[in-house]
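Accompanying notes for the structure given below.
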Amino acid sequence: MAWTRLELRDRAAPPQAASTTPIGLWTILALSAAIAALWLSLRAPADAQNAPDATFRAEEHLSTAVVSVRKPGSAEQPCTWQPGDGRWHCGAQDFAFVGPYAGLAAGKPIHCLWLHPHAGNAMTIVKWPELNIGDHLEARLRLLDDVASGQATRLQIFAAGQSVGTLTAMDGRDHPDLDVDLPNGRMRGELRLEISAGDNDWRLACAEVLMTGKRRAPGEQTPIDKPLARTPPAKHDQIGRPTP
């Protein structure tokens, strides 16, 4: 029996894909980075428009605040919200409240937040635990007309856990103002006011606090807190009692 010899010939190998060279890899990475940069540049204006507005005026949002008084060495004592008055009652005295005020300061009419400090170097604390934090804050501290020179009244302001600044007034002629850009950080956080005086005798303090602007933080999209309708407060006398 004759054997037939079969010769196996190598078929032509299929063409192989060219290996990725270092130069080709860098080209791909550079192209990807360029595409990502273009996408971000196109998306940024839309994101800025969608970022929540953080406009906030302190005396217009009192019902959502948390208000308390802390004496040195003691725990904070919460104040009581009175919807009928639209103010927080922090004691039996006429001046012991936190609420909207209309009066005169430095000879000019003012609408502000009454923050007359309490005795014994006690600190009045007004805070909003969870707000949209803007990128700019303005604040003014005034002692009402006819207030003579005396112990310094200090108002400290904190936003999202960071100190924004301190305003100090000695008498009715002082006009401490604060106008600052807020440091970068989370979109949501606490706004906190702390006011005190070594001697609270006739420290008739009133403050304006306005936060504005928009800022974003990765992964956070929270709607704006609805501002309350602005209604002019009733006029008061020099110790905070409403007048006709």
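Per-residue answers, yes or no, for (1) modelled with pLDDT of 60 or more; (2) surrounded by fewer than 16 Cβ atoms within 10 Å (Cβ to Cβ); (3) outside the structural domain of Leu144 (by TED's automatic domain parsing):
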{"residue": "Thr27", "(1), (2), (3)": "yes, yes, yes"}
{"residue": "Val69", "(1), (2), (3)": "yes, no, no"}
{"residue": "Gly73", "(1), (2), (3)": "yes, yes, no"}
{"residue": "Phe97", "(1), (2), (3)": "yes, no, no"}
{"residue": "Ile110", "(1), (2), (3)": "yes, no, no"}
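Scanning region 94-121 for residues that are under 21 Å from Ser149 (Cβ atoms), of a type in the set (Val, Ile, Thr) and either under 22 Å from the mean Cα position of the chain (by Cα) or not in a strand (DSSP E or B) (or both) turns up nothing.
It is to be established whether one or more residues within region 146-168 are touching a Phe, Trp or Tyr at 6+ places or on another chain (Cβ under 7 Å), buried (at least 20 other Cβ atoms within 10 Å of the Cβ), touching a residue at least 12 places away in the same chain (Cβ under 8 Å) and under 21 Å from Cys79 (Cα atoms). No, that holds for no residue.
The values are calculated or read from the model by the stated rules, or taken from the named source; none is laboratory data. These figures come from a predicted structure and were not determined experimentally. Glycine also receives a Cβ, built like all others from the backbone with ideal geometry; neighbour counts cover every protein chain displayed.
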